[in-house]
1. In degrees between 0 and 90, to the nearest 10, how far off the longest principal axis of the chain does helix 78-114 point, with axes built from Cα atoms?
2. Given a cut-off of under 8 Å on Cα pairs at least six residues apart, what relative contact order in percent is computed for the chain?
3. Ranked by Cβ crowding within 10 angstrom, fewest neighbours first, how are 4, 158 ordered?
4. Please give the length that would be gained between residue 157 and residue 134 if that part of the chain were fully extended, namely 0.36 nm times their separation in residues minus their C-alpha to C-alpha distance (nm, one decimal).
5. Given the DSSP H assignment, sum -39500 (n - 2.57) over each helix run of at least 4 residues in the chain and divide by its residue total; what's the result at 222 nm in deg cm²/dmol, nearest 500?
6. Compute the relative contact order of the range 6-73 as a whole-number percentage, counting only Cα pairs closer than 8 Å that sit 6 or more residues apart in sequence.
7. Taking Cα centroids, how far is the range 182-221 from the range 1-42 in Å?
8. Among 209, 46, 71, rank each residue by its count of other Cβ atoms within 10 Å, from fewest to most, as a rough exposure measure.
């Protein structure tokens, strides 16, 4: 059965690459045409298509052309296995990063939607991990951040403050059961939004005098809706269901 060959332009169109890319691969010894006519027309068959597919896959893995050429001539393919394992590890890490980013996006959507609500709903019981305990007169600033479980997304995460007379706890959500539990349900909520630490402290002191302690305060990223220039938190009140 005679194989029908295709031109360089047809092959380029099939793989969404340029004519010049295929010529460059030929110059580098990666992809030879099946035949070249007397007038210089290049023709390609299935074996060249398979090889081009492999070249583009290796390029997607991050290999340069010299490394790809070496891989094409490695009969044992042992290096290929190593490359696949390394790339698999990198892809897994990227998936984890994107899942975390997706979670942050979802949280910001919820924050934006709930910004003006007077009822705050917690769908599932939330266990809290304590990162730091501070006296109430001490501000939570970057010097404290350096001492706790910091990562670049820390300030985009939902933070919880359990505030009592003399101390307050800085917490984040925990995947494991802990001693601090915020039960699921609907809560009355007071939103404190202010442009200065002094104004914020006044609002908080008023709530501490008029609500049962400890207060559960949630900083859920609302600050970023105003470019971080305003302090915005939600103070949970009585459970209403």
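Rule-based calculations on the coordinates, nothing more; no lab input. Note that the structure is predicted; figures quoted are calculated from it, not measured. A quick note on method: Cβ atoms are made from the backbone with ideal geometry, for glycine too, and the neighbour counts reach across all protein chains shown.
1. Helix 78-114 and the main axis of the chain meet at about 40 degrees.
2. Numbers: 304 pairs, mean separation 39.7, N = 241.
Rounded, it is 16 percent for the chain.
3. Numbers: 4 8, 158 16.
Sorted ascending by nearby Cβ count, the order is 4, 158.
4. Working: separation 23, 0.36 × 23 = 8.28 nm, distance 1.96 nm.
The residue 157-residue 134 span can extend by a further 6.3 nm.
5. Values: 7 runs with 95 residues, N = 241.
Helices in the chain give a 222 nm mean residue ellipticity of -12500 deg cm²/dmol.
6. Values: 54 pairs, mean separation 19.8, N = 68.
Once divided by the residue count of the range 6-73, the mean separation gives 29 percent.
7. 69 Å
8. The most exposed by this proxy come first: 209, 46, 71.
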